Amino acid sequence: MKHRWCFRRGWLGRKPTPRTIDGSIENVHFIPLDSTGNRIWREPITLYPDEVEALRLVYLENRTQEEASKAMNISRGTLWRLLDSGRKKLIQAIVEVRPVTVVGIGGDEDPCIDVVES
């Protein structure tokens, strides 16, 4: 099942283009542990569904940036920015030992989700 997701911004300007996300991404929290097994609670870093989808298409499915951008219905430049943002956030979380929160999609409460049958 495919979803169209867009990040709702609160300021004026051009409305963001909805991105096609294949499958479902759930809310997930990754919390680092110290050497004694205790959780390290710091300000979490948030990954959004479009960043996760871009990382998945390029790094897990080994698609080219051109193929991945077509699958998400976005430009190659936008895909590159999503990949760059996602990589920086993950590296920052590892280096600074911070939790990572993945914002999920799905459910009826999100007004910006359209289910697209494939």
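Here is a list of conditions, (1) modelled with pLDDT under 95; (2) more than 14 Å from the chain's Cα centre (by Cα); (3) of a type in the set (A, V, I, L, M), and Val102 meets all of them except one; can you say which number that is? Exception for Val102: condition (2). Among the residues of the stretch 57-75, the ones that are out of contact with any strand residue (DSSP E or B) (no Cβ under 6 Å at 6 or more places or on another chain), surrounded by 13 or more Cβ atoms within 10 Å (Cβ to Cβ) and in a helix (DSSP H, G or I) come to 9 in all. Annotation note: of Ile31, Ile21, the sole residue that is in contact (Cβ under 8 Å) with a residue 60 or more places away in the chain, over 13 Å from Pro99 (Cα atoms) and in contact with a Pro (Cβ under 9 Å, 6 or more places away or on another chain) is Ile21.
Could you go through the stretch 27-39 and let me know if any residue there is part of a strand (DSSP E or B), surrounded by 13 or more Cβ atoms within 10 Å (Cβ to Cβ) and out of contact with any His (no Cβ under 6 Å at 6 or more places or on another chain). So far as the stretch 27-39 goes, yes, one or more of its residues are part of a strand (DSSP E or B), surrounded by 13 or more Cβ atoms within 10 Å (Cβ to Cβ) and out of contact with any His (no Cβ under 6 Å at 6 or more places or on another chain). Is it the case that the stretch 72-79 has a residue that's modelled with pLDDT under 80 and aliphatic (A, V, I, L, M)? Within the stretch 72-79 (the criterion being modelled with pLDDT under 80 and aliphatic (A, V, I, L, M)), the answer is no, since none of the residues qualifies.
Of all positions in the stretch 81-98, at least one carries a residue that is polar (S, T, N, Q), modelled with pLDDT of 95 or more, surrounded by 15 or more Cβ atoms within 10 Å (Cβ to Cβ) and outside any loop (DSSP other than H, G, I, E, B). Taken over the stretch 35-88, the residue count meeting the criterion of being over 16 Å from the mean Cα position of the chain (by Cα) and of a type in the set (A, V, I, L, M, F, W, C) is 2.
The values are calculated or read from the model by the stated rules, or taken from the named source; none is laboratory data. Quick caveat, the model's predicted, so the values are computed rather than measured. Please note: Cβ atoms are built from the backbone with ideal geometry, for glycine as well, and neighbour counts cover all protein chains shown.
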